[in-house]
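Worksheet: the structure to be examined is printed underneath.
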Amino acid sequence: MPKWVVATVDEIPPGARKVVDVGGRSIGVFNVGGEFYAVLNRCPHQGGPLCLGNTLGFLRSDGVGEFHYSRAGEILRCPWHGWEYDLRTGQSWFDPGHVLVRRYEVEVVPGFEGLEKGPYVAETFAISVEQQYVIVEVGR
Amino acid sequence: MVTTLTQPTTRSQSKLAVIDCDIHPALKSPKALHPYLSERWRRHRDTIGDRGYAGSYYPRANPNAARTDAWPPNGLPPGSDLDFMRYQLLDAWDMDFGVLQPLLGAGQQLNHEYAAALSSAINEWQIEEWLDPEPRLRSGLVVAYESPEHAVAEIRRRGAHPGFVQVMLTIRTGEPLGRRKYWPMYEAAIEAGLPIGVHFGGQGGNPITGAGWPSMYLEDHAGMSTAFQAQVISLVCEGVFEHLPELKIVLIEGGFAWAPPLSWRLDSAWRKLHDEVPDLKRKPSEYFAEHFWLTTQPMEEPPVARQFVEMLSHAPWLEDKLMFSTDYPHWDFDAPNEALPKIKLPENFAPKLMAENARGLYKLPSRVGGLVDTSATV
């Protein structure tokens, strides 16, 4: 599984995202409270640009006047029809067993040793090898 | 927050020609119509503003009822920037034509004089800012349909402009559309060679259901097809098509899977009750099949895809009457290359639905600029 350098950590602060083209795929890389997640930028429903949607959480109510908002920022909502996906698992909210968005492994590593050159190598080469880099692992 | 704006990965993936029959242009600001209004109506709009029946509007799924990716980078409202509409819709899917449906509330104004002034202003705005700059666009002529005298005047004033391909109403009218009150407007449309397009929405003062006001947007959104059915029933049973055999009606954003069972029910009742409607010379279903066109979005999505084809088999006439639409920039947008169910469809169904039925109805050429259209062959 090739690994691609897609960004420096500084480029995607908590709550932000970056949509990148990697190996012919459009992939969104999200920083949720310091943890990185990556999913395919294509909604399984009608092919909408999923990674341009809002991130939100879950609202649950156990009774009138009671509200619990949880998992803020971990749920990605398609900009077209509002289908919602869990960024941690790729599973849809309404049919987690059958409707999923493809997700990719993400890691944060220092420098570029042992990595294939990605689309941002030229930009990052001159900066510093002490930077932290966000890596997405994509099948060929 | 979004650092890379990616074009939808759909350009030229759809081999079929595409004509989009439902696109919503928006105002850049509430004052965007001012250049097209007289001083009197500018003042009216600024000081009194739009006044209609209340209660028909529920919070939409998204702000402006829009796709969240449809806000142009310049921050203008979705649907208000022609360049962004070209980029995100017309160019992205290489569309032959798009038909605008301005939902700016003109027809439902309680002040009919204002409704008429607003309609004229919207039509001039459409010509100036959309139809003249973009040859792929056509539009509906906005009219004060609750005041048919005004509507007739507007059709005669501007109906001959080549950019307008139909007269535009919304489905929630003050009275059922078969009533004689509306007939002069239909006659004027026929004179101008235009169909009547009736779009989802509007405020006519009546609840959307026959059982009162719903509580939620979901009910309003899914239940609007009942208003369309009520209008079909009225137009057919009032004998409009016997008196005006050239009248063509386009139902926009109202669904279509209900057409077969509604036809059965109307025919069944007519067999027993035809004495009440001696003007009807034929079965109600025949008027429905002959005089109506229907747009596709939001596409019918049965849980089992082949049920789509079964539904069509009960009303084969739909194959010549369904016209593709996206509803751009609204949140329930249908993508041209994804909207149809992924099953074997009747032969030639897809090219007719995606473009050719609309091309025929709206008398559109094969392609803007006379380019040879090779895409219509599957």
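The values are calculated or read from the model by the stated rules, or taken from the named source; none is laboratory data. Values in this document were obtained by computation on a predicted structure and should not be read as measured data. A quick note on method: Cβ atoms are made from the backbone with ideal geometry, for glycine too, and the neighbour counts reach across all protein chains shown. Note: areas computed on protein heavy atoms with side chains; ligands, DNA, RNA excluded. Shrake-Rupley method; radii C 1.70, N 1.55, O 1.52, S 1.80 Å.
With the full set of protein chains in place, find how many percent of the accessible area of chain B is carbon and sulfur; take the probe as 1.4 Å.
After summing per-atom areas, the C and S share lands at 55 percent.
What's the total accessible area buried between chains A and B, using a 1.4 Å probe, rounded to the nearest 100 Å²? Kindly include the intermediate steps, with their values, before the conclusion.
Values: alone 7910 and 16760 Å², together 22810 Å².
Chains A and B together bury roughly 1900 Å² of accessible area.
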Within the range B:207-240, whose backbone N sits under 17 Å from a point 7 Å along Cα→Cβ of B:Asp275?
none
Additional length obtainable on full extension of the chain from B:Lys363 to B:Asp46, 0.36 nm per residue less Cα span:
110.2 nm
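For the range B:38-142, what does the relative contact order come out to in percent, with C-alpha contacts under 8 Å and a separation of six or more?
Working: 73 pairs, mean separation 27.7, N = 105.
Over the range B:38-142, the number comes to 26 percent.
Answer rounded, prolate or oblate for the range B:125-254, using the Cα gyration tensor with square roots of eigenvalues a ≥ b ≥ c: rounded when a/c is under 1.5, else prolate when a/b is larger than b/c, else oblate. Show your work: numbers first, answer last.
Numbers: a/c = 2.11, a/b = 1.34, b/c = 1.58.
Oblate shape, in that a/c is at least 1.5 and b/c is the bigger or equal ratio.
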If you project the alpha carbons of chain A onto their three principal axes, what span does each projection cover, largest first, in Å?
57, 29, 22
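Report the FRET efficiency, 1/(1 + (r/R0)^6), for B:Ser38 and B:Tyr87, where r is their Cβ-Cβ distance and R0 is 35 Å, rounded to 0.05.
Numbers: r = 35 Å, r/R0 = 1.00.
Rounded to the nearest 0.05, the efficiency is 0.50.
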Show me, for the range B:237-254, the HN-Hα J-couplings you get by feeding each phi into the Karplus relation (A = 6.51, B = -1.76, C = 1.60, θ = phi - 60°), rounded to Hz, glycine and proline as x.
6, 6, x, 4, 7, 6, 7, 10, x, 8, 6, 10, 10, 10, 9, 10, 6, x
Residues with amide H under 5 Å of A:Glu105's amide H, sequence separation 5 or more or different chain, H placed in the peptide plane at 1.01 Å from N; which?
A:Glu137
So, in Å, what gap is there between the alpha-carbon centers of the range B:282-336 and the range A:30-86?
31 Å
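When Rg is the radius of gyration of the Cα atoms in the protein assembly as shown and Rh is its Kirkwood radius, what does Rg/Rh come to?
On the way: Rg = 25.3 Å, Rh = 25.1 Å.
When Rh is taken as the Kirkwood radius, the ratio is 1.01.
Could you provide, to the nearest whole Å², the per residue accessible area of chain B with probe 1.4 Å?
Result: 42 Å² per residue.
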Can you classify chain B as rounded, prolate or oblate using the Cα gyration tensor, where a ≥ b ≥ c are the square roots of its eigenvalues, rounded means a/c under 1.5, and otherwise it's prolate if a/b beats b/c and oblate if not?
rounded
Which percentage, to the nearest 5, of the DSSP beta bridges contained in chain B is antiparallel?
10 percent
Using a 1.4 angstrom probe, figure out how much accessible area chain A has per residue, in square angstrom, rounded to the nearest whole.
50 Å²
Please work out the C-alpha center-to-center distance from the range B:79-122 to the range B:213-252 and express it in whole Å.
22 Å
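Using only the Cα atoms of the range B:193-275, build the gyration tensor, take square roots of its eigenvalues as a ≥ b ≥ c, and label the shape rounded, prolate or oblate: rounded if a/c is under 1.5, else prolate if a/b is larger than b/c, else oblate. Could the numbers behind the result be given before it?
Details: a/c = 1.99, a/b = 1.36, b/c = 1.46.
Taking the square roots of the gyration eigenvalues as a ≥ b ≥ c, the range B:193-275 is oblate.
For B:His243 and B:Leu218, FRET efficiency with R0 = 41 Å and r from the beta-carbon atoms, rounded to 0.05? Intermediate values should be presented prior to the final figure.
Working: r = 39 Å, r/R0 = 0.94.
The calculated FRET efficiency here is 0.60.
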Taking a spot 7 Å from the Cα of A:Asp21 along the direction of its beta carbon, which residues of the range B:71-95 have an amide N less than 19 Å from it?
B:87-89, B:91-94
Could you calculate the FRET efficiency of B:Thr209 with A:Val109 from 1/(1 + (r/R0)^6), where r is the beta carbon distance between them and R0 is 60 Å, rounded to 0.05?
0.55
List for the range A:67-87: residues with 50 Å² or greater reduction in accessible area, all protein chains versus chain alone, probe 1.4 Å?
A:Arg77, A:Pro79, A:Trp80, A:His81
Provide Rg and Dmax in Å for the range B:23-102, with only Cα atoms included in the calculation.
15.3, 43
Percent RCO, i.e. relative contact order, over chain B, from Cα pairs under 8 Å lying at least 6 residues apart
21 percent
